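> The following block contains the structure, expressed as structure tokens.
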Amino acid sequence: MTALHHRTDGPEQGEPLVLGPSLGTSLRVWEPQLAALARRFRVVRFDLPGHGGSAPGACGVRTMEDLADLVLEAADACGLTAFHYAGVSIGGAIGATLAVRHPGRVRSLAMLCSSARFGEPEAWRERAEAVRAEGTAPLAEAAARRWFAGPVRQPLLDDLAAADPAGYAACCEALAGYDLRGSLARITVPTLVLAGREDAATPPAHARLLADGIPGSTLVEVPGAAHLAGVDRPEPVTAALLAHLPAESGTAVRREVLGDDHVDRAIARTTAFTRDFQDLITRYAWGEIWTRPGLDRRTRSCVTLTALVARGHLEELGMHVRAALRNGLSPDEIGEVLLQTAVYCGVPAANAAFAVAQRVLDETASGAAEE
């Protein structure tokens with residue numbers, strides 16, 4: 001089978017997240033969510049056979065299992081052993097198939113405007129034959145009504161018009177043979193099921209069947225959204241995905257910012273008396289605040305240095321000068337931050353801060369020289 005076209009975004013060290021598109025669209029159906037997801041995850045988006053950047057033709061696809069195998073090949077090519085997965089419509093069905101057939105590969109699942117069975121098989125076979133004979137252009141008018149409750153996004157309709165008939169038809173035949181209603185209980189990973197309330201292709205009843213059948217799943221219904229809910233109502237869909245996907249570990253962020261040696265020493269000094277406090281700062285400061293997407297870590301270091309000088313917390317300042325270096329600030333930039341504090345926090349406070357920072361910078365330079 002021919003490989004699927006795919007694209008990777010986000011930090012190399014981020015947890016892997018694979019995003020599957022809807023039939024007739026391309027990987028850009030996920031563009032409204034991409035920036036928010038790629039801040040934290042290594043995002044891999046793929047195109048279906050004959051769609052977007054994938055090669056024309058059916059790619060050997062006959063079933064949903066074939067599509068799932070192609071996605072695993074793309075994941076393997078990216079070095080992903082296990083990954084989170086979210087998919088729209090047929091993309092969601094691919095994810096559910098993976099979760100049933102390859103449970104060790106899927107860490108969590110999100111099915112957006114998807115189903116355990118997409119209607120009668122014969123209707124899909126008839127569409128496949130029509131597309132083989134006439135192409136995808138005749139589908140555009142009906143697709144616009146199904147896909148969007150709000151403004152029509154012409155680039156996605158252009159994706160439909162550009163789809164290769166053989167690839168599109170193969171996906172229709174895979175949908176004809178897809179029926180996961182008897183296997184939903186085998187999906188054991190954390191699962192989000194999201195429905196658009198204006199979705200005529202997979203109405204909310206389809207989502208409720210999924211949620212009832214998948215143990216412990218979460219159901220979200222988005223008002224004012226049709227079949228491409230993430231395009232129609234990007235904000236609530238993005239929020240639902242971020243709430244579903246795992247938050248960045250506070251311990252991991254603390255280690256990245258402060259360094260393993262510092263965190264290891266703090267853990268070693270933890271007693272029964274201080275354990276709850278250590279847990280509080282790990283969860284709250286590092287797991288809730290330092291992981292927020294609104295500021296990058298360089299900016300957070302600038303803010304933290306200023307606050308510590310303003311409050312006279314010199315015992316913490318040295319630690320955060322080291323953190324600022326780890327977060328990419330240069331010694332000159334740290335000096336500029338401290339110079340700014342002389343105006344707004346007072347010269348004596350800045351004088352003491354410069355002394356602490358100089359000591360840390362000297363220690364750092366000495367350590368680098370020794371290495």
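> Based on Cβ point charges of +1 for Lys and Arg and -1 for Asp and Glu, what charge dipole magnitude is obtained for the chain about its Cα centre, in debye rounded to the nearest 20?
720
> How many angstrom separate the Cα center of the stretch 341-358 from the Cα center of the stretch 304-321?
Their Cα centres are 10 Å away from one another.
> Using the Karplus curve 6.51 cos²θ - 1.76 cosθ + 1.60 with θ = phi - 60°, what ³J(HN,Hα) values do you get for each residue of the stretch 83-99, in whole Hz, with x for Gly and Pro?
Calculated HN-Hα couplings, in order: 7, 7, 9, 9, x, 9, 6, 4, x, x, 5, 4, x, 5, 4, 4, 5 Hz.
> Right, another one. Under the classification rounded if a/c is under 1.5, otherwise prolate if a/b is larger than b/c and oblate if not, where does the stretch 43-123 fall, given a ≥ b ≥ c as square roots of the Cα gyration tensor eigenvalues?
oblate
> For the stretch 1-86, report the accessible area per residue in Å² (1.4 Å probe, heavy atoms, rounded to an integer).
Heavy-atom SASA per residue in the stretch 1-86 reads 35 Å².
> With an 8 Å Cα cut-off and a minimum separation of 6 or more residues, compute the relative contact order for the chain in percent.
Taking the mean separation of contacting Cα pairs over the length of the chain, I get 14 percent.
> Cβ neighbours within 10 Å, averaged per peptide: list 304-310, 48-54, 251-257 in order, most packed at the top.
The packing order, highest mean first, is 48-54, 304-310, 251-257.
> Quick check: at a probe of 1.4 Å, how many percent of the accessible area of the stretch 202-348 sits on carbon and sulfur atoms? Each step should come with its number before you reach the end.
Values: 4460 of 7910 Å².
The nonpolar share, carbon plus sulfur, comes to 56 percent.
> Okay, next question. Lys and Arg at +1, Asp and Glu at -1: add these up for the other residues within a Cβ distance under 11 Å of Ala99 and post the number.
Numbers: positive: Arg101, Arg105, Arg107, Arg186; negative: none.
My count for the surroundings of Ala99 gives +4.
> A further question follows. Here are several values of P(r) over Cα pairs in 20 Å bins from 0, in percent: [x] 26, 43, 24, 6, 0; [y] 30, 55, 15, 0; [z] 29, 61, 10, 0. Which one was derived from the coordinates shown?
Calculated P(r) over Cα pairs in 20 Å bins from 0, in percent: the matching label is [x].
> Moving to a separate point now. Could you report the stretch 321-371's accessible area per residue, 1.4 Å probe, as an integer in Å²?
Per-residue value: 60 Å².
> Ignoring ligands, DNA and RNA, what accessible area per residue does the stretch 91-143 give at 1.4 Å, in Å²? All intermediate terms of the calculation are to be shown ahead of the outcome.
Working: 2140 Å² over 53 residues.
It amounts to 40 Å² per residue over the stretch 91-143.
> Would you list Ile334, Ile267 from the most to the least accessible area, probe 1.4 Å?
Ile267, Ile334
> Moving to a separate point now. Add +1 for every Lys or Arg and -1 for every Asp or Glu among the other residues with Cβ under 9 Å from the Cβ of Pro223, and state the total.
0
> Quickly estimate the mean residue ellipticity at 222 nm for the chain, helices only: each DSSP H run with n ≥ 4 gives -39500 (n - 2.57), and the total goes over all residues, rounded to 500.
-16000 deg cm²/dmol
> Further question: Roughly what would the spin-label model give for Thr291 and Asp260, points 7 Å off Cα along C-beta, in nm?
2.1
> Considering the chain as a Gaussian network with a 10 Å cut-off on Cα pairs, which listed residue, Leu98, Leu109, Leu339, attains the greatest mean-square fluctuation?
Looking only at Leu98, Leu109, Leu339, the biggest GNM fluctuation is shown by Leu339.
> Can you give me the Cα centroid spacing of the stretch 108-130 and the stretch 141-162 in angstrom?
Centre-to-centre distance over Cα atoms comes out at 18 Å.
> In addition: How large are Rg and Dmax for the stretch 1-83 when calculated on the C-alpha trace, in angstrom?
Both quantities, over Cα of the stretch 1-83: 12.4, 36 Å.
> Let me check I've understood the local charge: for Asp76, count other residues with C-beta under 12 angstrom from its C-beta, Lys and Arg +1, Asp and Glu -1. What total comes out?
Summing Lys and Arg as +1 and Asp and Glu as -1 gives -1.
The values are calculated or read from the model by the stated rules, or taken from the named source; none is laboratory data. These numbers were taken from a predicted model, which means no experiment stands behind them. Ideal geometry is used to build each Cβ from the backbone, glycine not excepted, and the neighbour counts take in all protein chains shown. Accessible surface is based on the protein model in full, side chains and every heavy atom, while ligands, DNA and RNA are left aside. Shrake-Rupley method; radii C 1.70, N 1.55, O 1.52, S 1.80 Å.
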